[in-house]
Amino acid sequence: MIPREPMQSPPPPRPAGYMPAANSAPAARYGGFWIRAVAYIIDTIILSVGNAIIEAIFQARGTAAIGAAILNPQSSRGPVYGAAVAVEIVVTIAYFVGLWSYTGATLGQRIFRLRVVDATTGQPISLGKALLRWVGIFISSIACFIGLIWVAFDSRKQGWADKIAGTLVLRG
């Protein structure tokens with residue numbers, strides 16, 4: 001006769017507030033291509049209005065201070081135009097870098113509850129990382145927008161700018 005092993009009792013009930021194992025955490029919700037594209041269009045509209053105001057201010061002050069003789073009426077490429085473009089570039093960089101690093105998202109991204117975070121830690125990004133991300137977007141744009149379109153095909157929805165800076169765009 002074969003001896004029987006004693007019956008094992010069932011495991012004790014789980015305590016209240018039980019959390020599943022770490023490997024079963026919910027998956028991150030990445031910001032996809034289309035929602036990011038619409039957010040970027042909104043940001044472009046906001047910046048276009050701001051840049052138009054800057055150009056109007058520079059043109060009005062330039063005409064009064066420099067005089068109509070220096071400004072070529074057939075070309076907007078005078079010295080005032082160059083100064084206005086320089087200010088517009090600085091404002092554009094400050095808009096993206098400042099909002100990414102201080103609020104986690106641009107105004108367009110905030111509308112869709114997107115946020116830019118560090119890919120490793122999930123924490124808000126630093127000013128330096130935000131500047132690196134902007135440089136990555138500039139590179140992605142001049143390369144026929146391939147670096148921006150890349151978001152549609154990447155498993156973590158990272159464009160070249162995100163890969164360069166080590167960031168993610170998350171929803172929620």
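The values are calculated or read from the model by the stated rules, or taken from the named source; none is laboratory data. What you see is a predicted model, and the numbers here were worked out from it, not measured in a lab. Every residue, glycine among them, receives a Cβ derived from its backbone with ideal geometry; neighbour counts consider all protein chains shown.
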For this session: Pick out, from region 111-172, the helices (runs of 4 or more DSSP H) lying fully within it that include 3 or more residues that are surrounded by fewer than 17 Cβ atoms within 10 Å (Cβ to Cβ).
Result: 127-142
For this session: Scan region 147-162 for residues that are in contact with a Phe, Trp or Tyr (Cβ under 8 Å, 6 or more places away or on another chain) and at negative phi and report the count.
Result: 11
Problem set entry | region 87-112 residues that are without any contact (Cβ under 8 Å) to a residue 40 or more places away in the chain, paired with ones that are crowded, with 19+ Cβ neighbours inside 10 Å and polar (S, T, N, Q) (beta carbon under 6 Å, 6 or more apart) | LEU99/THR106
Exercise. Does ALA37 satisfy being at pLDDT 65 or above, surrounded by fewer than 10 Cβ atoms within 10 Å (Cβ to Cβ) and within 30 Å of THR120 (Cα to Cα)?
Worked result: no
Exercise. Can you find a residue in region 40-55 that is more than 30 Å from TRP150 (Cα to Cα), acidic (Asp, Glu) and modelled with pLDDT of 65 or more?
Worked result: yes
Seminar exercise, completed: Considering region 57-91, residues that are within 22 Å of LEU47 (Cα to Cα) and hydroxyl-bearing (Ser, Thr, Tyr), and then whichever is modelled with the lowest pLDDT, we arrive at SER76
